[in-house]
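Everything below concerns the one structure shown next.
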Amino acid sequence: MSRRDQITLGPDEIVALMGECEIATVSSLGPRGWPHSMPLWFLEREGEVWVWTYGKSQKVRNLERDD
């Protein structure tokens, strides 16, 4: 068994972790290829992760350029 398999969270552990946290650090690549990491509020809704940000934010521009 690989080390990665030993530290992977199971579905129940993921749900429990999401219930404890409200902010995730989301990273995308900026125009020069450098990481752009920013906090992002999220919530779990009916088994899905929902996030919100401004449409003109840098993270949205980064994802539009390079998904």
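Count charges around residue 62 for me, please; just the other residues with Cβ under 13 Å from its Cβ, Lys/Arg as +1, Asp/Glu as -1. Taking every other residue near residue 62 into account, the sum is +2. Each label point was placed 7 Å from the Cα along the Cα-to-Cβ direction; for residue 24 and residue 49 their separation is 0.1 nm. Sites listed here are trypsin sites (Lys or Arg not before Pro) in the chain whose DSSP assignment is loop and whose Cβ has at most 16 other Cβ atoms within 10 Å: 32, 56. For the chain, the 222 nm mean residue ellipticity estimated from helices alone, with every DSSP H stretch of n ≥ 4 adding -39500 (n - 2.57) and the total spread over all residues, rounds to -9000 deg cm²/dmol.
A Cα-only calculation for the chain places Rg and Dmax at 14.8, 44 Å. Ranked from largest, the principal axis spans of the Cα set of the stretch 16-55 equal 36, 21, 14 Å. Based on protein heavy atoms only, the chain ends up with 92 Å² per residue of surface accessible to a 1.4 Å probe.
The values are calculated or read from the model by the stated rules, or taken from the named source; none is laboratory data. Quick caveat, the model's predicted, so the values are computed rather than measured. Neighbour counts are summed over all protein chains in view; Cβ atoms, including those assigned to glycine, are modelled from backbone coordinates with ideal geometry. Keep in mind that these areas ignore ligands, DNA and RNA; they rest on the heavy atoms of the full protein, side chains included. Shrake-Rupley method; radii C 1.70, N 1.55, O 1.52, S 1.80 Å.
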